[in-house]
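This report refers to the structure that appears directly beneath it.
The values are calculated or read from the model by the stated rules, or taken from the named source; none is laboratory data. Remember, it's a predicted structure, so these values are computed and weren't measured experimentally. Note that we place each Cβ from the backbone using ideal geometry, even for glycine, and neighbour counts take in every protein chain shown. Please note that ligands, DNA and RNA were not included when accessible areas were found on the heavy atoms of the full protein model with its side chains. Shrake-Rupley method; radii C 1.70, N 1.55, O 1.52, S 1.80 Å.
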Amino acid sequence: MVEEEQKYEVDDAYVLPDLAGAAPANGRVRELPPVTLVARYLDTVDLRLARAGASLRHRKGDELPWTVKLPTGTPGVRHEVSRPGSKGQPPAELVELVSVLHRGASLAPVTVVRTVRHAYEVCDASGTVLVEVVDDRVTVLDDAGTTTDSFREVEVELKAGDRKLLDRVGGVLREAGARGGSFTPKHVRALGATAQADPDLVAPAGLTAEPSAGDVVTEAVRKEIRRLLAHDPLVRLRAPASGGDTAVHQMRVACRRLRSDLRTFKPLLRRAWSRPLRDELRWLAGVLGAARDAEVLRARLHRTADADPLSPLDQGAVYRLDEVLAGRQRQALATIDEALRSARYLALVDALVLAARAPRLTRRAAAPAAQALPALVARPWSRLTGPDGVDGLDAQSPDDDWHAVRKEAKQARYAVNAVAPTVDKGARRLSRALARVQDVLGEHQDAAVAADTWLEIAAERPDDHELAVTAGRLAERERGSVHRMRGLFPAAWHRATRPRRIGWLP
């Protein structure tokens, strides 16, 4: 689940105001009996979880006592996952959820936080809890149970309400003297300055007005590493990514873009450093690929089957096709789980964290970005436009040739995207135009693969005649899409190659 809350600093003399005025019409505020919560937090010796804004705790008295909280990139909004288990040993699933943070380092108790909580629920007329307000008096304990620190804070957590109500309740608290500070979890306050130091993973920092080529490389590498590692726990949880996309897709895209950037910027990177990283990213992208392919095919199956309501397909046969794909997807996800638990993957994560901290650059990387980078983009561009690329393509070319051009288009677009912030505005125009080219080629490839897949599944079940007929009709619709994309490609390519879009290339 996603937890969204606001924290407010208050002193001991603070009097919690009447919250009834913030409740909706005919709503009410319900006061709960006070409770005492004792939470024991686990972390590495150097507090890798806390510094990254995450936590793993056992809280006595909770129905599900073990909880992991993970940052989302938005202050006050975290992923929260709770599981049962005894006090002495955290559930393996939760330890795995923070793998990219601890990276195999041992987890041990680092602090104990005791909270005396007075809670108030802001409800609507039906009694549904919209917002919960908790007034917490917190005591930090050492191993011997001795108090080492204490503080008080008020939290407002969104339940079934909306963000406007969350802000309205916060306004009432501030009017009474509460101070809206930075969002700092209790255990981080308890652990002090060390827990508030920078995380191991260095985030993108933005580019200066006149960056070097190395600055652009570093920013691109950090951006994709951050995306890849942020989606690791979501893949493990089978949770969706933001924007309705899947976490598997986002993690795979990050692998591909990072490999592409390492290839594009190869002259600026030390080969002995970048080549092993590219090889391991290829392995991980391959592991993720089967599950992503199944995702795409399952979605496409139903879209293609429903494309013509006046000519419906046998729904039983469509269901049997989907069952086959679902089985492939389950197996592929199990393979991902196994890979993410492996020592090989942890070693890759370690390498990525180090890569984000300090990519190994060559002397050429010190050159101004505006001078050095266009020539690097020219290489993937020439592969895309050359005889083995678009120049060698026609309407009768085999599907594999179209797929090869699609891969080159993707590589070229990734390269253009990486340098666009620092070169001529034509680069941004070219990026947008290549996105359209990539859409056309992507639909072409998806349709071609789907047509082959439907027929392949039917061939494996020769006695299922309804399946054979349905697969044939589906394949016919997919081949129609292939031909439509081939017809759309010339215009999309012509727009991408206009002088105002490619004039900046050497």
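Things to note:
- Inter-part distance, the stretch 18-91 to the stretch 134-187, computed on C-alpha centroids, equals 12 Å.
- Cα centre as origin, Lys/Arg/Asp/Glu Cβ charges: the chain dipole, Debye: 2120 debye
- Contact order normalised by residue count of the chain, Cα under 8 Å, 6+ apart, percent: 13 percent
- Stokes-Einstein translational diffusion, the stretch 317-362 - Kirkwood Rh over all Cα pairs, 0.890 mPa s, 25 °C, in µm²/s: 184 µm²/s
- Trypsin sites (Lys or Arg not before Pro) within the stretch 345-447, DSSP loop, no more than 11 other Cβ atoms inside 10 Å: K425
- Positive-end extreme of charge dipole, the chain - chosen from L94, A334, A347 (charges on Cβ): A347
- For the stretch 227-299, the Cα-based Rg and Dmax, in that order, read 13.5, 41 Å.
- In this Cβ point-charge picture (+1 for Lys and Arg, -1 for Asp and Glu), the stretch 185-327 has a dipole of about 520 debye about its Cα centre.
- Structure-based [θ]222 nm, the chain - -39500 (n - 2.57) summed over DSSP H runs of at least 4, per residue, nearest 500: -17000 deg cm²/dmol
- Its alpha carbons considered, the stretch 269-399 gives a radius of gyration followed by a Dmax of 22.0, 64 Å.
- Efficiency of FRET between T335 and D11 - r from beta-carbon atoms, R0 51 angstrom, step 0.05: 0.40
- Cut-off 17 Å (backbone N to label point 7 Å along Cα→Cβ of R282), residues of the stretch 326-354: 348
- Using Cβ point charges alone (K and R +1, D and E -1), the dipole size of the stretch 15-142 about the Cα centre works out to roughly 380 debye.
- DSSP-loop trypsin sites (Lys or Arg not before Pro) across the stretch 202-277, with at most 13 other Cβ within 10 angstrom: R238, R270
- Rounded to two decimals, the Cα radius of gyration of the stretch 81-205 over 2.2 N^0.38 Å is 1.30.
- Net charge over other residues, Cβ less than 12 angstrom from the Cβ of G27 (K, R count +1; D, E count -1): +1
- Cβ-Cβ FRET estimate between V469 and D401, R0 fixed at 30 Å, reported to 0.05: 0.45
- Remark: relative contact order (the stretch 49-164) = 15 percent; criterion is Cα-Cα distance under 8 angstrom and separation of 6 or more residues.
- Förster radius 41 Å - calculated FRET efficiency between D46 and S126, Cβ distance, rounded to 0.05: 0.25
- With one equal scatterer per alpha carbon and no solvent term, the Debye-computed log10 I(q)/I(0) for the stretch 331-403 at 0.26 1/Å reads -1.10.
- Per-atom-type breakdown for the chain gives carbon and sulfur 51% of the accessible area (1.4 Å probe, protein chains only).
- Accessible surface, per residue, of the chain when the full set of protein chains is kept, probe 1.4 Å, Å²: 47 Å²
- Derived from the Cα gyration tensor, the three semi-axes of the equivalent ellipsoid of the stretch 440-500 are 34, 9, 5 Å, largest first.
- Solvent-free Debye scattering, log10 I(q)/I(0), computed from the Cα coordinates of the stretch 167-256 at q = 0.11, 0.14, 0.15, 0.25 Å⁻¹: -0.59, -0.85, -0.90, -1.09
- Between S311 and A299, the modelled labels are 2.5 nm apart [label points 7 Å from Cα along Cα→Cβ].
- Derived scalar couplings between HN and Hα for the stretch 388-394 equal 8, x, 5, 4, x, 9, 9 Hz in order, rounded to whole Hz, by the Karplus curve 6.51 cos²θ - 1.76 cosθ + 1.60 (θ = phi - 60°), x for Gly and Pro.
- At 1.567 mPa s and 4 °C, Stokes diffusion of the stretch 367-438 via Kirkwood alpha-carbon radius, µm² per second: 102 µm²/s
- Relative contact order, percent, the stretch 415-482 [alpha-carbon distance under 8 Å, six or more residues apart]: 30 percent
- Sites matching GluC sites (Glu not before Pro) across the stretch 383-485 that sit in DSSP coil, with at most 16 neighbouring C-beta atoms within 10 Å: E460
- Coarse-grained scattering of the chain at q = 0.06, 0.11 Å⁻¹, given as base-10 log I(q)/I(0) from a Debye sum over alpha-carbon atoms: -0.39, -1.09
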